[in-house]
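Here the structure comes first, spelled out in structure tokens, and everything after it is commentary.
Each value in this text was obtained by applying a stated rule to the coordinates, not by laboratory testing. Just so it is clear, the structure is predicted and the values come from calculations on it, not from any experiment. Glycine also receives a Cβ, built like all others from the backbone with ideal geometry; neighbour counts cover every protein chain displayed.
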Amino acid sequence: MPARRTPLPEWVIARRLELGERIAQGRRDLHLSQDQLADRIGLERRSVQRYESGERDPRYTDLLLIADALEVPVTRLVEK
């Protein structure tokens with residue numbers, strides 16, 4: 001993946017962290033481990049870790065799968 005030409009604005013980083021926390025909280029609410037969530041969405045545990053820590057943004061398709069696995073609408077994960 002090519003490097004960004006400009007750094008991400010602080011508000012984008014903050015929203016990424018909020019998304020990660022919502023994913024983690026939804027997983028905990030269902031008493032799922034990161035491995036179990038990863039199995040449900042067909043990804044590696046490391047991907048779930050990166051999403052939850054805010055290190056990476058999930059692809060739209062993965063976001064749809066995460067919301068489905070957590071039994072919440074996508075809007076709940078991305079709302080401000």
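Brief remarks follow.
- Residue in segment 44-53 that is in contact with a Gly (Cβ under 8 Å, 6 or more places away or on another chain), acidic (Asp, Glu) and touching a residue at least 24 places away in the same chain (Cβ under 8 Å) present: yes
- Flag if Asp68 is over 12 Å from the mean Cα position of the chain (by Cα) and either in a helix (DSSP H, G or I) or under 27 Å from Arg4 (Cα atoms) (or both): yes
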